[in-house]
Amino acid sequence: MTEWKSIPELGGLIGQQVRLRGWVDGRRSSGRIGFIRLRDSGATVQLVVSRKEVDDASWEVLQHAGQESTIAASGTVAADPRSPGGVEVQVSCLALVHGTEAYPITPKEHGTAFLMDNRHLWLRSSRQRAVLRIRSEVCHAIHDFHRERGYYLVDSPILTPAACEGTSTLFETPYFDHGSAFLSQSGQLYLEPAAAALGKVYCFGPTFRAEKSKTRRHLMEFWMVEPEAAFLDFEGLCVLAEDFLVYLAGRVLENCGEPLAILERDTSKLEAIQGPFPRLRYAEAIELLRRQGSGIEFGEDFGAPEETSITREFDRPVMITHYPASLKAFYMEPDPDDPSLALALDVIAPEGYGEIIGGSQRIHDHDLLLARLKEHDLPLDAFQWYLDIRRYGTFEHSGFGMGVERFVAWMAGVPHLRETIPYPRTMDRIYP
RNA sequence: UCCUCGGUAGCUCAACGGUAGAGCGUUCGGCUGUUAACCGAAAUGUUGGGGGUUCGAAUCCCUCCCGAGGAGCCA
C-alpha cells in the first residue's frame, strides 16, 4: 500500500498514485461525475470522481459525504487547468472515515455571534486558516529575530503577586496561604533582572488584562513579546523597534504569499514597511493633530481616532517619542533635556491598526525610582526586589512590548483582533 | 461602565396590529468539468424570557436576559 501523502506535496507527484485523507471542504456532483474539495494540513485539492472509474461504494461516498466528513481517497495526481490550483486527483477509490451531516458553518454568510459560538469549527474556514498561518509565521519570526541578535528567551511568570501598575485591571485568583495571585499583564519587571544576568533577553507569552474594554483592538488574553537589553539607550531602543517591525513584515511577505492572497491583502502596504520610520516627538504630534483640526491639548493622551489621524500622513509606522511623564508608567527614564518628558516610545501602525509597540528606557537610578514609586502610591515592600536591580550594579537599559495579535491583524488586514488568535477571550465570551 | 443598534426555521434575513415567509443548509430526485454549480420536490418555528395594552401582538408598552458596533483604557 502506498503511504499517505499530504496535499502540499502533490505538485511534485504528477502522474503518480497517491493516498490522501482529510475533510470534505466542498462537494459537487453532476450526474456521472463529481468533485470534492479535500482539505488537509491547511491546504486543499480537488478530487475528481468519475462514475465509470469507481465502484458503487466509492460513488455512494461522493453522493453522501457532507461538508466536513472525514474521507480517505486513492487516485492519480494529474495536472489540469480546469482545476482550481492546477492540480487534481483522479480518484480510483473513496472511503468514508466519518460522515458528517448538517455541518453548522455553511458556505454562505454568518453573523459574528454565531461564528464565535462555533469558533472551534470556524477555524477550519479558509480565511481563518490563512490568518492562523500568518500568526504562526509571525511567532516563529519573533523568536528568530531575537535569536539572530543574541537575545536569550527568558520566560516570565504568569502568576504574579500584586500589582505592577494597579490591580484594577488584573485577573485575580486564590493562592494558598498568600491571599491572591494575579495573572501577569507584563513580563517586563521580571525581565529587567534577567537583563543583568544575560544581557539581552526577551519574553514571549500570554498576557492578561481585566480591563472592561469592548473594542476590535482589545482582548482579555493576548500574546506579547517583550525584549529588554542592558546598556541599550533610548536611541538604540528606537532602532531595535524599527528593525524588529521591518524584519517581521519581511518574513510575512516572504513566507505567507498564499495566505495573504486568500485574505486579498494589499501587499504594497506591507512592502512599504521599511526604515527609517518617521519620528515625531509627542509635542510635534500634538501640533500635527491641531493642524488637522483636532482640539487636543498638550498633556492629553491620544485615543484611537488621534492615532489613526496621525498615521494618515504617512505610509509606514510612525514612532512617537518624548511623552509627558505624567501620561506614562512610573519606571520610565526622564528626558535629560526636559525631565517633565519621558524617554518613551510608541509605534503606531498605519491603516488604523493602532499602537502596536510601547516601550521606554527604564529608570536605573535607585533614588529616582524610589521617588516615582512613592509618587504613584505603589506598595514599597512589594517592589524591593525591583529596586534591588538599582542597588546591585545598576545599568542603563531599555525595552518594549509588542502585542502579537495587533501585529497579525495589521499584516493580515483583518479588522478585529478576535480573528488573530485561535480562541479569543473577550469581555462577554469565554466559550469555546 | 457609558452610548447606539439588534434578537423570527440550523444559518442570513423578510413580514412592522389581522392565516409566520424567502434564500442558503439538510433529505430525496435529475444532470459527464463543477469553482459559494445548476434544475425539481420535501421536512424544519414556544418569533429570547416574563408581564401589560388590544376582539386580535413577531409587530405597541414595561422589564429582564443575550448579542453586535462604538467610547474610555491599553498592546
Subset of the stretch A:378-432 [more than 11 Å from RNA strand B (Cβ to nearest atom), out of contact with any strand residue (DSSP E or B) (no Cβ under 8 Å at 6 or more places or on another chain) and small (Gly, Ala, Ser)]: A:382, A:393, A:412, A:413
Pair list, Cβ under 8 Å, 6 or more apart: the stretch A:255-269 residue closer than 14 Å to residue A:408 by Cα and open to solvent by less than 70 Å² (accessible area, probe 1.4 Å), other residue outside any helix (DSSP H, G or I) and not charged (D, E, K, R): A:260/A:267; A:263/A:413; A:263/A:414; A:265/A:413
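Can you tell me which of A:225, A:201 is among the aliphatic types (A, V, I, L, M), under 25 Å from the mean Cα position of the chain (by Cα), closer than 24 Å to residue A:426 by Cα and buried (at least 20 other Cβ atoms within 10 Å of the Cβ)?
Answer to the selection: A:225.
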Residue list for the stretch A:240-254, restricted to those being more than 20 Å from residue A:347 (Cα to Cα) and either among the acidic types (Asp, Glu) or touching a residue at least 60 places away in the same chain (Cβ under 8 Å) (or both): A:254
Lone unmet requirement of (1) in contact with a strand residue (DSSP E or B) (Cβ under 9 Å, 6 or more places away or on another chain); (2) closer than 30 Å to residue A:382 by Cα; (3) in a helix (DSSP H, G or I); (4) of a type outside the set (Ser, Thr, Tyr) for residue A:142: (2)
Among the residues listed as A:69, A:83, A:50, the single one being touching a strand residue (DSSP E or B) at 6+ places or on another chain (Cβ under 7 Å), more than 29 Å from residue A:259 (Cα to Cα) and open to solvent by less than 30 Å² (accessible area, probe 1.4 Å): A:50
Test: residue A:376 is over 30 Å from residue A:316 (Cα atoms), surrounded by 15 or more Cβ atoms within 10 Å (Cβ to Cβ) and either not β-branched (Val, Ile, Thr) or not assigned by TED's automatic domain parsing to the domain that holds residue A:314 (or both): no
Residue A:324 modelled with pLDDT of 90 or more and either touching a helix residue (DSSP H, G or I) at 6+ places or on another chain (Cβ under 9 Å) or more than 27 Å from residue A:394 (Cβ to Cβ) (or both): yes
Where residue A:424 falls short, out of the listed (1) closer than 30 Å to residue A:258 by Cβ; (2) crowded, with 24+ Cβ neighbours inside 10 Å; (3) not hydrophobic (A, V, I, L, M, F, W, C): (2)
Where residue A:251 falls short, out of the listed (1) buried (at least 17 other Cβ atoms within 10 Å of the Cβ); (2) within 15 Å of RNA strand B (Cβ to nearest atom): (2)
Matching residues in the stretch A:326-366 - criterion: being outside any loop (DSSP other than H, G, I, E, B), away from RNA strand B (no atom under 13 Å from the Cβ) and aliphatic (A, V, I, L, M): A:341, A:343
Only listed residue being within 11 Å of RNA strand B (Cβ to nearest atom) and under 27 Å from the mean Cα position of the chain (by Cα), chosen from A:85, A:111: A:111
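The values are calculated or read from the model by the stated rules, or taken from the named source; none is laboratory data. What you see is a predicted model; the values in this text were computed from it and never measured. Note that each Cβ is placed from the backbone with ideal geometry, even for glycine, and that neighbours are counted across all protein chains shown. Quick note on the areas: whole protein, heavy atoms, side chains included, nothing else; ligands and nucleic acids left out. Shrake-Rupley method; radii C 1.70, N 1.55, O 1.52, S 1.80 Å.
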